[in-house]
Amino acid sequence: MNAPIEDYALISDLETAAMVGRDGSIDWLCLPRFDSPACLAAMLGTPDNGFWRIAPVSRAVRAHCVSRAYRPDTLVLESRWETPTGAVRVIDFMPPRSQLPCIVRMVEGLWGSVPMRSELRLRFHQGRVVPWIQAGEACTVAVAGPDAVWLNTEGLAAEGGGGNSTVHEFTVPAGRRTTLTFVWAPSYRTGPPAPLSVPAETVLKETGDFWRSWTAQCRYEGPWRDAVVRSLITLKALTYAPTGGIVASPTTSLPGLLGGERNWDHRHCWLRDSALTLSCLLRGGYRDEAIAWVGWLVRAVAGDPAGLQTVYGVAGQRLLPETEAPWLPGYEGSRPVRFGNSAVSQFQLDVYGEVLDALLLSLRAGIPIPGHVWRLVEGIMAHLVRHWREPDQGLWQVRGPARQFVHSKVMTWVAADRALRMGELLGRNGSSDVWRALRDDVHRQVCREGWDAGRGSFVQSYGSPALDASALLIPRLGFLPAGDDRVRGTVRAMRELTDGGFVRRYAPNGHGVHGVDGMPGGEGAFVACSLWYADALATTGHRAEATEVFERVLAIRNDLGLLSEQWDPDAGRQLGNTPQAFSHLALVETAFLLSDTDTGMDTGMGMDTDRGPDREPVA
């Protein structure tokens, strides 16, 4: 049985991340970066797929640590264990990378004396390749193909662990610290990697100082500061520092339905997160990260607009072939386990609007935009003029038939609107008549074909009575003002998608056996959708109810403040990949909205809905 998803803590070096369970086991780690093959993959299988556990030996100890927390304003994890003979604190962290990825695990005696056990079972190449292991006086080295891991145990003697594991047993008295340091390096390197020569105390201090200095930049001062700071730290932890890209999650194939097939690889960067990411970073006071993200965005989307993808790799790579790992049994039997994402090949009309929304936000925030980007804007708009009437796979990248999704058309309107605004700011109005006509045509069509008068709501796709939580974004995007009766009706209708006070993105089985998304079975409620609901309630005058929805979401975070992609209202547990950037981005945005924090800037995603006479929506 796998540990609950909410049992996992995140540690990161800003290029990859490890997931640490309550039982002291690191069950997920990809090296050397987020999208590399996993070398510890027990999270998606069994202990034989790789783990590293440090915990007391005593059989009388509880199954999990008695308490754990991040050190304030950092990503340094502390777990406290108590046994009949004493208590220890385990400190887990990854120093922001200067050379090679490194995990440091310090065991500190608090009182008494505690026998401890470290067991490292490496399984390279997605949890299946057993390495060659050589134990030396100073380090244990594990090698398989291109990968090598060096484990420094401060001279502790290794013991036979069976199952090709490396085991160390040691006793920690009060006031004493024992440190185990894990470093990945290319296997062709000879000699211990440099990180092993740096004193652990120095590395711990530098790591804590880094995070506290970064957190001090946060500009949010509202009533939910702790939650906002933890979400911002989480987003920073999901940043691939060399390029500025932010992965959706550090994990893959954690299911939306236990035992089901809704298992996707989220270790990549989605364009539809772009404007929300920029808004979140700029609101929070993190301009450098916003600039880095825009740099990644511009590099990734360069080229023919017809080839624009919804998702790219952390370095901007376009090829993310989706494969399955039949040797991994999956989280609680949820198969297949997938690596890569075939959504790269889908036609998703909404991404064009998301890119242009992000570029306008960047321009207004004074973020440097390369001069050639205007050619990209013109290319995108020329492509949309030709193709906007076509059906697509939509926001939720469904694997069922393409449809005329309402949100996709709304985002086409956003693309035209943002292109016109950028043209005004840059003094480039050569195509404004064509783009204005496109904007008006799309608006008329959505209001005619996407509105269901019987339901009193915008629907998921033309001709369908099904609801979709993405319609909650209509006022935020500026498509219609919050006071419009159609917006208010849509917000009221969304109660049909609520379950236990949380909002599902749509009714999965609303169209045929497999539903609109072409997948069998149901799924949990999407965390971000519940936060969109809170935003829409607040902007339509229901502030108290909005706050209630927001605080309900805060209550489902795990004990460390982390959110996955989904929530199961019936079982009361997290589902989907974790931690999920989209959930934390939405949390920060909602906290700012409900706190009435005025940052004095245009925050994108349609938050600036002021229109001149030529921008009035056409009903």
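Annotations for the structure displayed:
- Residue that is surrounded by the fewest Cβ atoms within 10 Å (Cβ to Cβ) [pool: residues in the stretch 312-347 that are in contact (Cβ under 8 Å) with a residue 60 or more places away in the chain and assigned to a strand (DSSP E or B)]: Arg338
- Residues (among the small types (Gly, Ala, Ser) and in a loop (DSSP other than H, G, I, E, B)) located in the stretch 357-373: Ala365, Gly366, Gly371
- Within the stretch 522-567, the set of residues being closer than 22 Å to Arg476 by Cα, surrounded by fewer than 22 Cβ atoms within 10 Å (Cβ to Cβ) and of a type in the set (A, V, I, L, M, F, W, C) comprises Ala538, Ala544, Leu554.
- Flag if Thr277 is polar (S, T, N, Q) and farther than 30 Å from Val385 by Cα: no
- Every residue from the stretch 84-112 that is more than 19 Å from Thr153 (Cβ to Cβ) and either modelled with pLDDT of 95 or more or touching a Gly at 6+ places or on another chain (Cβ under 8 Å) (or both): Thr85, Gly86, Ala87, Pro96, Leu110, Trp111, Gly112
- Qualifying residues in the stretch 116-128 (those that are over 30 Å from Glu82 (Cα atoms) and surrounded by fewer than 21 Cβ atoms within 10 Å (Cβ to Cβ)) - the one farthest from the chain's Cα centre (by Cα): Arg128
- Hits in the stretch 155-211 - residues which are among the hydroxyl-bearing types (Ser, Thr, Tyr) and closer than 17 Å to Ala138 by Cα: Thr166, Thr178, Thr179, Thr181, Thr190, Ser197
- Leu77 vs. criteria modelled with pLDDT of 95 or more and under 17 Å from Thr202 (Cα atoms): yes
- Among the residues examined, Asp73 does not qualify as closer than 28 Å to Asn164 by Cα and among the acidic types (Asp, Glu).
- Within the stretch 393-429, tally of residues that are under 15 Å from Leu308 (Cβ atoms) and surrounded by fewer than 23 Cβ atoms within 10 Å (Cβ to Cβ): 1
- All told, Leu257 meets the bar of being at pLDDT below 95, farther than 30 Å from Val373 by Cα and either assigned to a helix (DSSP H, G or I) or not β-branched (Val, Ile, Thr) (or both).
- Qualifying positions in the stretch 100-129 - over 26 Å from Pro242 (Cβ atoms) and in contact with a helix residue (DSSP H, G or I) (Cβ under 8 Å, 6 or more places away or on another chain): Met106, Arg121, Arg123, Arg128
- Residues that are under 16 Å from Ala469 (Cα atoms), at pLDDT 95 or above and acidic (Asp, Glu) within the stretch 511-551 comprise just one, Asp535.
- Residue match in the stretch 573-586 (condition: part of a helix (DSSP H, G or I), touching a helix residue (DSSP H, G or I) at 6+ places or on another chain (Cβ under 7 Å), under 18 Å from Glu523 (Cα atoms) and touching a residue at least 24 places away in the same chain (Cβ under 8 Å)): yes
- Near pairs, Cβ below 6 angstrom, 6+ apart or cross-chain, from the stretch 452-480 (under 30 Å from Leu361 (Cβ atoms)) to any residue that is among the acidic types (Asp, Glu) and part of a loop (DSSP other than H, G, I, E, B): none
- Test: residue in the stretch 268-279 that is of a type outside the set (Val, Ile, Thr), modelled with pLDDT of 95 or more and not in a strand (DSSP E or B): yes
- Extreme residue, surrounded by the fewest Cβ atoms within 10 Å (Cβ to Cβ), among residues of the stretch 293-311 that are part of a loop (DSSP other than H, G, I, E, B) and out of contact with any strand residue (DSSP E or B) (no Cβ under 9 Å at 6 or more places or on another chain): Asp304
- Criterion: within 30 Å of Ser197 (Cβ to Cβ), in contact with a Leu (Cβ under 7 Å, 6 or more places away or on another chain) and in the same structural domain as Gln126 (by TED's automatic domain parsing) - qualifying residue of Leu110, Leu10, Leu44: Leu10
- Residue satisfying condition, being more than 30 Å from Ser595 (Cβ to Cβ), modelled with pLDDT of 95 or more, assigned to a helix (DSSP H, G or I) and aliphatic (A, V, I, L, M), within set Leu232, Leu204, Leu180: Leu204
- Close Cβ contacts (under 6 Å, 6 or more residues apart or on different chains) running from residues in the stretch 125-142 that are in contact (Cβ under 8 Å) with a residue 40 or more places away in the chain and farther than 17 Å from Pro193 by Cβ to residues that are of a type in the set (A, V, I, L, M) and part of a loop (DSSP other than H, G, I, E, B) comprise Gln126/Ala325; Gly127/Ala41; Gly127/Leu328.
- Any hit, the stretch 389-411, residues being in a helix (DSSP H, G or I) and free of Cβ contacts under 8 Å to residues at least 40 places away in the same chain: no
- Subset of the stretch 129-156 that is crowded, with 18+ Cβ neighbours inside 10 Å and not in a strand (DSSP E or B) - its residue that is modelled with the lowest pLDDT: Thr153
The values are calculated or read from the model by the stated rules, or taken from the named source; none is laboratory data. These numbers come from a predicted model, not from an experiment. Heads up, the Cβs are rebuilt from the backbone with ideal geometry, glycines too, and the neighbour counts pull from every protein chain shown.
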